[in-house]
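What follows is one structure encoded as structure tokens, with my remarks underneath.
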Amino acid sequence: MKSLTLFLRCILIDLGMRCCTSTTHDLKTVMSRVEHEGLSFLTITLADFGKDFQKSLDQGFVGHDQFKGFAFTGGLPRFLGGFLDFVFSRKSGRLLDEPSIDAIQAIRQFTLMWAKIELPCSDARVVNAMRQFVACENEIRLSDSRLSPKDQDGFKRVARLLWADMFSEVDYQVFNGLIHPSHGPGSTADKLRGNAKWNQIDWPERLEDVFTFGENIFVSWSYALDNEATVNFIEPGAEVPVKVTPVPKTLKTPRIIAIEPTAMQYMQQGLLDAISSYVERDDILSRLISVESQVPNQELALRGSLTGSIATLDLSEASDRVSNQHVRMLLHDFPHLLSAVDATRSRKADVPGIGVIRLAKFASMGSALCFPFESIVFTTLVFLGIERELKRRITKRDVVSLLGSVRIYGDDICVPVDFVRSVVDTLHTFGYRVNSDKSFWTGRFRESCGKDYYAGNDVTVVRMRSEFPSQRRHVREIVSTVSFRNQLFLAGFWNSARYLDGIIEKLIPFPCVESTSPLLGRLTFLPVVARDSKWDSNLHTPLVRGMVVRGVSPVSNLDGHGALLKCLTKRSVLPFADVRHLERAGRPRSVDIKPRWRSPF
């Protein structure tokens, strides 16, 4: 806590110097409240302050119901008052005609930088998150029951307009056995890891109805028939449920994911590849959604902050609220694809402390199909909302005319401000919750996909992701702190970066490097001078001593049929990146750092 306290002082000095204001009283307030409230003041209370500040920017004034827990002087909070006076009028609380961009950046940086430190939540918060997961299921069922036939018909019609060609193509691939499945590196509910997945013998009967075992888990039908007795066909009632588990997100609440069974994830990856490949090569769909790049959404957020023409929307619990019935309506006219998606969807979840429940949602994070169908459902609802605002049926020409103004990446939605009210109402009708703390359309502040803008200026926060390390064995914290230090340096927080240099240098060698160097090192705007170096006569470059991050995949030997299947199902024409992929596979169980001589460039 002492190192964090000193760092607080440094960051406030940097921010105060940038805005030419005193931060003495602000530091005293923070020290006092951290002493009495603990780390939660930084990670929760200050984060709420930052959210209220963003909403005040959007609405153009400070409301009386905002900044709870902080004393007011005039129309503004006393805390961070030196910065707030450059943004709002203290007398009226209204936004100034020309607010200081530096002050806006400073307030956001100090209040929001702590919000996403990856720390485990209290047991009570984890239990509450699991209860909310179950409550969300009940809300989905209630929302489905309230959906009118008119709403359903409109959803299906807009879906056909947008996605018919893509769904038809993937439907054809399913019917003709052209889906190419694959295994990912992550965990599975049935605890198969690494290369062991390629020798899977459990095959749900629901999958067999669409994806036969002989075409998907064996290299040939002759081999499949010879080894059919080894396959364990699982009846629907005996299927392994997805394993619901919390992972660190913020101190306020964990992120809830669901780990899928091996066979389900295997075929989900095949469908994901078919959908992604079509989207990438389609002139229209590639400009509406993406499963890879967030940059188009960020560019629209920038435009929205400049012109006010684009709104940015964010949804709460987005993936957990995508109803299976909505996906079934999407695929209503494509029976083979509908059967494939339904067969690869897990129907039950094992929730800690609650037990096994039947799922109304389509899928949680952890399913390979969660993100693409989330984007597809939300895009459909956005255009349904636009149609309702136009008060006529939308056409392909309308869709083309809105390219470059509508963009969806998961639950990050960019839409023209003229249609935002209707889009929000449509999302609510279908059971989705627009996050008012992270949705903006009235002022000049916008955020989307990790980038924040005010009036065309980048005011994105440099976030602290972990506690500071105190020993060399704290590898994750060291790597995170080095990244944090370099981001602060590039953002101009010199005192803060210098303080972190002192923490890091006590633990590891910390040379000056360029961003392309494999070493953990400090970035600098000055020419990199290789001090205490030696010369590599083969590469004709200086070498410096530093730390290299090393993550070794677990030992996972694979031979015989499984090895052949892995090689034959590889999608790329390029060779495997790891020549030892049949000996080691899966995500590293731990990451280490080792001292090495490497180039600083």
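On the given criteria, is A189 at pLDDT below 95, closer than 30 Å to M329 by Cβ and surrounded by 18 or more Cβ atoms within 10 Å (Cβ to Cβ)?
yes
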Among (1) in contact with an Asp or Glu (Cβ under 6 Å, 6 or more places away or on another chain); (2) in a loop (DSSP other than H, G, I, E, B), there is one condition C136 misses while meeting the rest; what is its number? (2)
L251 being assigned to a loop (DSSP other than H, G, I, E, B), touching a Ser or Thr at 6+ places or on another chain (Cβ under 8 Å), buried (at least 18 other Cβ atoms within 10 Å of the Cβ) and not small (G, A, S): yes
If a residue must be exposed (fewer than 12 other Cβ atoms within 10 Å of the Cβ) and over 27 Å from the mean Cα position of the chain (by Cα), how many such residues does region 556-577 contain? 6
Of the residues D314, D350, which is touching a Pro at 6+ places or on another chain (Cβ under 9 Å) and either surrounded by 22 or more Cβ atoms within 10 Å (Cβ to Cβ) or more than 16 Å from G154 (Cβ to Cβ) (or both)? D350
Residues in region 293-327 that are closer than 20 Å to F383 by Cβ and either outside any helix (DSSP H, G or I) or among the β-branched types (V, I, T) (or both): how many? 11
Looking at region 384-394, which of its residues are touching a residue at least 12 places away in the same chain (Cβ under 8 Å) and loosely packed, with under 15 Cβ neighbours inside 10 Å? R393
Of the residues in region 3-62, those that are among the acidic types (D, E) and exposed (fewer than 15 other Cβ atoms within 10 Å of the Cβ) number 2
Taking the condition of being crowded, with 18+ Cβ neighbours inside 10 Å, out of contact with any Ser or Thr (no Cβ under 8 Å at 6 or more places or on another chain), of a type outside the set (A, V, I, L, M, F, W, C) and not in a strand (DSSP E or B), how many residues in region 215-244 meet it? 1
Pick from region 541-555, criterion not in a strand (DSSP E or B) and not hydroxyl-bearing (S, T, Y), ranking: surrounded by the most Cβ atoms within 10 Å (Cβ to Cβ): P554
List every residue pair whose Cβ atoms lie under 6 Å apart, where the two residues are 6 or more positions apart in sequence or sit on different chains, the first residue falls within region 331-352 and is assigned by TED's automatic domain parsing to the domain that holds Y266, and the second residue, located anywhere, is surrounded by fewer than 18 Cβ atoms within 10 Å (Cβ to Cβ) and aromatic (F, W, Y). H336/F175
I want to confirm something. Restricting to region 274-292 and keeping residues that are part of a helix (DSSP H, G or I) and touching a Ser or Thr at 6+ places or on another chain (Cβ under 7 Å), which single residue is nearest to R347 (Cα to Cα)? V279
For F67, the lone unmet condition from (1) out of contact with any Pro (no Cβ under 7 Å at 6 or more places or on another chain); (2) on the phi > 0 side of the Ramachandran plot is (1)
Which one is nearest to A124 (Cα to Cα) among residues in region 235-266 that are within 17 Å of the chain's Cα centre (by Cα) and of a type in the set (V, I, T)? T253
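The values are calculated or read from the model by the stated rules, or taken from the named source; none is laboratory data. Model, not experiment: these values are computed from the prediction. Every residue, glycine as well, gets a Cβ built from its backbone with ideal geometry; the counts of neighbours run over all protein chains shown.
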